[in-house]
Every structure is written in C-alpha cells, then in structure tokens.
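The values are calculated or read from the model by the stated rules, or taken from the named source; none is laboratory data. Since the structure is predicted, the reported quantities are computational estimates derived from the model, not experimental observations. Ideal geometry is used to build each Cβ from the backbone, glycine not excepted, and the neighbour counts take in all protein chains shown.
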Amino acid sequence: MATITRWVTGEFANPGFELPDGKVGFPHFEISFADLAVSAADVVRVITVPANTWVFLVVWEVTTAEGSTCTATIGDGSGAASWDAQINLNSAAASGGVHGTDTYMNTHGHGKFYSSADTIDLTMGHAASTAVFWIGAQMARVVTS
C-alpha cells in the first residue's frame, strides 16, 4: 500500500487553493489514473482540509470508466469510508455525494468539523490505470479568535 500525494501534473492536493477564514470554498480536482496508475489498497490524498474547517459535502463524478471492476472508498484520517463507502470507478455514469448511508452525510447529516488539519482520501479497492474522475468538497473555515 502506498500513500499518494501527487498525481497528473505532480501537484499536491489543493494546488494553489486558499480558504480564508469565514469563507465557503469548493476545491475540486480531476484525477486521471491514466496519468498515474494506482494499486489496490493505495491511498490517494485528494483534498487537504485545513484546521478549523467545516466540510459540508464531498462529491465525485466519473468521466472515464476504468474498463474493469474498480471500486474505492472516500474517507479521512478517522475512517477510510466515512464520506462514501463505495464508489464505482468503472461506470462513467457514476457520481455521488448526496445524503446516503455514509457516516458524515447520514449519521451526522451535515458533514464534519475538522479541528485539526486532515485530508480527504481515496482508498483503492482495485488497481486503476484508465479511470478519470473529479472530486470536490464544499467547506468553510471557521473564524477563530
């Protein structure tokens, strides 16, 4: 298992994205496994979450299917599947992010407050070398004194 923090153009998660205190933002990125293949159990860090940030929603959409069985989960440092328990990267019609059975979207119903910095991570259930998808998170920095 590898932890991947770079992809496609060699950029880190959230390249150039700054979220000022008290503002809502929507960092979103296209991930192409055609440019950086991954193995089963690899963890891809896709979105950096600064300390004192409320993440309301994580959404994703597949634009190019893998071509064979390929699933993953979306989570963070507290749980590999807390944002989405299973995404299908082999269906160009697949998308997600609405309220469902996943911890932060259903149990809490309003996302998660991150008091410490963390990352939104994709944990691969299968190897991938073709799939392309985008992922984004609606978040707001909480003003602290």
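A few points about this structure:
- Qualifying residue in segment 47-66 (condition: at pLDDT below 80, in contact with a Leu (Cβ under 6 Å, 6 or more places away or on another chain) and surrounded by 14 or more Cβ atoms within 10 Å (Cβ to Cβ)): no
- For segment 20-70, filtered to residues that are in a strand (DSSP E or B) and of a type in the set (Gly, Ala, Ser), the residue that is nearest to Leu89 (Cα to Cα) is Ser32.
- Number of residues in segment 75-94 that are hydrophobic (A, V, I, L, M, F, W, C), under 14 Å from the mean Cα position of the chain (by Cα) and not in a strand (DSSP E or B): the value is 1.
- Taking the listed residues Asp35, Asp42, Asp76, the one that is farther than 18 Å from Ala131 by Cα, among the acidic types (Asp, Glu) and modelled with pLDDT of 75 or more is Asp76, with no other qualifying.
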